[in-house]
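K.L.:
Could you have a look at this structure, given as structure tokens, before my questions?
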Amino acid sequence: MPLKPGAVALVAEDEPLVRMEAADVLGDAGFDVLEASTTPAALAFLEMHPEITLLFTDVVMPGPIDGLALAHEVRRRWAEVKIIIVSGRVTPDPAQLPEGARFLEKPYDPNRVARMVREMGLRPTT
Amino acid sequence: MYGVDAEAQRVQQQSDVAFLQSVLSSSADCIKVLDLDARLTFMTDGGMRVMEISDFNDVKGCPWPDFWTDQGNRDALAALDAARSGGLGHFQGMAHTYRGTPKWWDVQVTAIRGPDGLPQRLLAVSRDITAQKAAESHLAASEARLSTVMETVPVGILLAEAPSGRILMGNRRLAEILGHSTLYASSSNAYGEFVAYHADGRPVDAQDYPLAQITSGLCKKAAIEVLYQRPDGERRWIAISGEAIEDEQGETVGAVVAVSDIGDRKAAEAQQDILNRELSHRLKNTLTLVQSIASQTLRNAPSLDAARDALAARLVVLGKAHDILLAGQTDSASVDQVVREALSLHDDNGRRFRVSGPSLFIGPSAALSLGLMLHELATNAVKYGALSVPNGCVNVGWAIDGTGAAAEFWLDWREQGGPPVTPPTRKGFGSRLIQRGLAGGEVALRYAAEGVECTFSAPLAGLRVDV
């Protein structure tokens, strides 16, 4: 399935319902959305889909690394990918976040997500 | 001239004797003269008063040691011996007056020497010290009471004088708490020898202690909680609470502090903090779920009425899954319970579901997801599948394949006895949720002619991760 460059977001979230909602929120914001329920699955998507421009990840995730470590890994390997980190459990110190990454506390306002995406200079197809 | 001089000398002598007698009789001491055998030969008027003797003849010639009994008698004999050999006999003892009033006496016995320089008679001077003795014993009793209180109260106590801050005393409980005997610091500047830390890890300065604050006149009351470094290496949370001791003018003359071990309280507070944080996280997670359920329900509902009913039912399932989690001793839920609770809403005759699987516990996040997915499967079955006809039923079974890190959980949903099913044309909330499956797992949804079949599988390890 060919994805349009510049318009693909990857949601990493283990809770299916919450992931579904995040996918819809990003879909409403104009993204094509890929969903991963674990951090290894998220990395696999990034390797397969270089067109991914946004990682939207939860912090507490099953798997060998958590969402924060995933974000750092993505920053290291795919420097151009924008990152939004969400959590209801931990509020990371800004210094703990990868450079340029934004943090959102759960539950979040869908409009806030759309605004943040625009602020980060992403131009999804709408 | 000689006669005149002698007369003058005689008058002078008479005058001197009268003077001496008036001195003696005005003394409050009991002054007695004894012969060398210790018999009474003379007693001053003042002495007769304190000894309650009205006529000296009643006691004249009596042996003086007979006024004393027991130890007093032995002390009196020893004092007499000392005086006879030219020394000073001195003792304190209790003796009754002539009328039987018990009194304490401080007694000095000395020799009165003759012209040859040898002891000729003995002088015994007894001072009534009853009042002083009473005050002393009152003080001793008061000190004994204070000491008993100090040693039995369950808090550590430390006493210091002001303004120096010199430590005067500390009790046994204090030593138990601090792990060392009382540190008799000479001034508040020396309180630096106590090693303690504030909650933020800063060392406690000598002048931070309540004893220093109060004895230096900064305040009348002070309190602090510190982590105390005991010599045995243990660190203990202690509360120090002090008050000024004031004189009649209200000047601070000292300070007393109570020191208590608050380790248990601190541990309970820390535990409470953890619980509160955990509760807050749970609540946020639940709110996120509710937000998602509400938003997804509204997105996918054909009408507002349908949305209201669907939302209510989904929140009930969420509530039941929470009940199971809260009832558990550990932070996990039994799959059996999650399945039964999620399906109970849809079991109209008590025979709709055949549930079987091993006893298995999963984490909160997986339990909530599984409960919601089963609810959606059951909702669809009631609308279009096996549960839409009187004799339809559903088999729900689960198991674990493999062991250790490779252990895989699967749960199978199999409808029977319903009408022939076809894949839905429109994907609603239920099918979208079901398709996502459990964390890190897969879903196989089949619209077989004999009924819907759905299999969830996921690594067991992922299902036990906390939210």
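K.L.:
Scan segment B:276-289 and report the pairs whose first residue is within 8 Å of another protein chain (Cβ to nearest Cβ) and of a type in the set (S, T, Y) and whose second residue is surrounded by 13 or more Cβ atoms within 10 Å (Cβ to Cβ) and assigned to a helix (DSSP H, G or I), with Cβ atoms within less than 8 Å and a gap of 6+ or a chain change.
P.N.:
B:T288/A:V18
K.L.:
Name the one entry in A:M116, A:M1 that is modelled with pLDDT under 95, more than 14 Å from chain B (Cβ to nearest Cβ) and not in a helix (DSSP H, G or I).
P.N.:
Numbers: A:M116 fails: not in a helix (DSSP H, G or I).
Just a single option satisfies the conditions, and that option is A:M1.
K.L.:
Within segment B:37-71, work out how many residues are in contact with a strand residue (DSSP E or B) (Cβ under 8 Å, 6 or more places away or on another chain) and either aromatic (F, W, Y) or touching a residue at least 24 places away in the same chain (Cβ under 8 Å) (or both).
P.N.:
17
K.L.:
Kindly list, by first and then second residue, each pair from a residue in segment B:127-151 that is over 20 Å from B:S27 (Cα atoms) to a residue that is assigned to a helix (DSSP H, G or I), limited to pairs with Cβ atoms under 9 Å and residues at least 6 apart or on different chains.
P.N.:
Hits for this filter: B:M150/B:R172; B:M150/B:R173; B:E151/B:R172; B:E151/B:R173.
K.L.:
Looking at segment B:159-191 only, could you name the residues that are of a type in the set (A, V, I, L, M, F, W, C) and in contact (Cβ under 8 Å) with a residue 40 or more places away in the chain?
P.N.:
Keep residues of segment B:159-191 that are of a type in the set (A, V, I, L, M, F, W, C), which gives B:159-160, B:162, B:167-169, B:174-175, B:177-178, B:183, B:185, B:190.
Within segment B:159-191, B:L159, B:A160, B:A162, B:I167, B:L168, B:L174, B:I177, B:L178 meet the criteria.
K.L.:
A follow-up question, please. Being at positive phi and either of a type in the set (F, W, Y) or away from chain A (no Cβ under 14 Å) (or both): is that true of B:G242 here? It would help to see each step written out before you state the result.
P.N.:
On the way: at positive phi: no; either of a type in the set (F, W, Y) or away from chain A (no Cβ under 14 Å) (or both): yes.
No, not satisfied.
K.L.:
Moving on to the next point. Sort out for me the strands (runs of 3 or more DSSP E) sitting completely within segment B:111-209 that have 3 or more residues that are over 25 Å from the mean Cα position of the chain (by Cα).
P.N.:
On the way: elements: B:119-128, B:156-161, B:167-170.
Passing ranges, in order: B:119-128.
K.L.:
Scan (1) surrounded by 13 or more Cβ atoms within 10 Å (Cβ to Cβ); (2) free of Cβ contacts under 8 Å to residues at least 60 places away in the same chain; (3) within 14 Å of another protein chain (Cβ to nearest Cβ); (4) not polar (S, T, N, Q) for the single condition B:A333 breaks and write down its number.
P.N.:
Going through the list (1) surrounded by 13 or more Cβ atoms within 10 Å (Cβ to Cβ); (2) free of Cβ contacts under 8 Å to residues at least 60 places away in the same chain; (3) within 14 Å of another protein chain (Cβ to nearest Cβ); (4) not polar (S, T, N, Q), B:A333 breaks only (3).
K.L.:
Which residue is surrounded by the most Cβ atoms within 10 Å (Cβ to Cβ), if the candidates are limited to segment B:36-57 and must be closer than 18 Å to B:G114 by Cα and of a type in the set (D, E, K, R)?
P.N.:
Filtering segment B:36-57 for residues that are closer than 18 Å to B:G114 by Cα and of a type in the set (D, E, K, R), the one surrounded by the most Cβ atoms within 10 Å (Cβ to Cβ) comes out as B:R39.
K.L.:
Filter segment B:74-97 down to the residues that are hydroxyl-bearing (S, T, Y) and surrounded by 15 or more Cβ atoms within 10 Å (Cβ to Cβ) and list them by number. Steps first, answer last, please.
P.N.:
Looking only at segment B:74-97, we keep the residues that are hydroxyl-bearing (S, T, Y), and these are B:85, B:97.
Scanning segment B:74-97 gives a single hit, B:T97.
Residues checked against (1) of a type outside the set (G, A, S); (2) under 20 Å from B:Q435 (Cα atoms); (3) facing another protein chain (nearest Cβ under 9 Å); (4) in contact with a strand residue (DSSP E or B) (Cβ under 8 Å, 6 or more places away or on another chain):
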{"position": "A:A7", "(1), (2), (3), (4)": "no, no, no, yes"}
{"position": "A:L10", "(1), (2), (3), (4)": "yes, yes, no, yes"}
{"position": "A:E15", "(1), (2), (3), (4)": "yes, yes, yes, yes"}
{"position": "A:E21", "(1), (2), (3), (4)": "yes, yes, yes, no"}
{"position": "A:V25", "(1), (2), (3), (4)": "yes, yes, yes, no"}
{"position": "A:D32", "(1), (2), (3), (4)": "yes, yes, no, yes"}
{"position": "A:A44", "(1), (2), (3), (4)": "no, yes, no, yes"}
{"position": "A:E47", "(1), (2), (3), (4)": "yes, no, no, no"}
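K.L.:
Pick from segment B:307-344 the residues that are part of a helix (DSSP H, G or I) and polar (S, T, N, Q): which of them is farthest from B:L387 (Cα to Cα)?
P.N.:
Within segment B:307-344, the first condition is being part of a helix (DSSP H, G or I), and the residues that meet it are B:307-327, B:335-344.
With the extra rule that they be polar (S, T, N, Q), the set shrinks to B:337, B:344.
On the way: B:Q337: 21, B:S344: 13 Å.
Taking the candidates together, the pick is B:Q337.
The values are calculated or read from the model by the stated rules, or taken from the named source; none is laboratory data. Given the structure is predicted, the values throughout are model-derived calculations rather than measurements. For neighbour counting, all protein chains shown are included, and Cβ atoms are generated from backbone atoms with ideal geometry for every residue, glycine included.
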